[in-house]
1. Regarding residue 59, is this residue under 28 Å from residue 121 (Cβ atoms) and part of a loop (DSSP other than H, G, I, E, B)?
2. Could you list, in sequence order, all residues of segment 4-16 that are closer than 21 Å to residue 67 by Cα, part of a helix (DSSP H, G or I) and in contact (Cβ under 8 Å) with a residue 40 or more places away in the chain?
3. Does segment 56-70 contain any residue that is closer than 30 Å to residue 129 by Cβ and in contact with a helix residue (DSSP H, G or I) (Cβ under 9 Å, 6 or more places away or on another chain)?
4. For segment 29-39, give me the residue count where each residue is touching a helix residue (DSSP H, G or I) at 6+ places or on another chain (Cβ under 9 Å) and assigned to a helix (DSSP H, G or I).
5. Which numbered condition in (1) free of Cβ contacts under 8 Å to residues at least 40 places away in the same chain; (2) over 17 Å from residue 9 (Cα atoms) is the only one that residue 69 fails?
6. Taking helices (runs of 4 or more DSSP H) that fall entirely within segment 71-137, which contain at least 2 residues that are surrounded by 13 or more Cβ atoms within 10 Å (Cβ to Cβ), at pLDDT 90 or above and under 28 Å from the mean Cα position of the chain (by Cα)?
C-alpha cells in the first residue's frame, strides 16, 4: 500500500504495483512455507492479491483526500482560513469513500487498477500451473501372498 501511494502521488500509474504485489505474495509464501506454491494454494494467493490491490487503491484515494483537505485549495474552495484538524480530515475522507461523485472521478484509475490486478494475478496463477507435473500413478502393488 505504501508503494502504491508513493507512486500514485508521483503522478504515475500506481496500479502497476499490482504486479509487484503478485510477486511479493509468491515470494512471501515461498519464504514462509519453505516450498514453492502449487495449484492448491492458487485461490488464496489470488484473493490476497485482489484484496491487497483494492486496499492499495483505497489508500491512494485516502492520500488524495488528505492532500486536498490539508491544502490551500481546500481553504480557497471553502473560503476558510484554516484546514480541518487531522480527526476531521479522516472523517471527511471516510465520508468521501461513500460518495458516488468521488468514485466517478476515479473511473479511469479503477479500470487501470482492475486490469493490472487481473494481469498480475493471472501471471501468478499461470506460474502456479506452469511446470506442474501430474503425479504419476503409484506402481502396481504385486500380491506376494501364496494361495
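1. In short, no.
2. The answer is 4, 5, 8, 9, 14, 15.
3. Among the residues of segment 56-70, at least one is closer than 30 Å to residue 129 by Cβ and in contact with a helix residue (DSSP H, G or I) (Cβ under 9 Å, 6 or more places away or on another chain), which makes the answer yes.
4. 3
5. The number of the failed condition is (2).
6. Counting at least 2 such residues, we get 86-96, 100-104.
The values are calculated or read from the model by the stated rules, or taken from the named source; none is laboratory data. This one's a predicted model, so the numbers in the text were calculated from it and none came from an experiment. Note: ideal-geometry Cβ built from the backbone for every residue, glycine included; neighbour counts use all protein chains shown.
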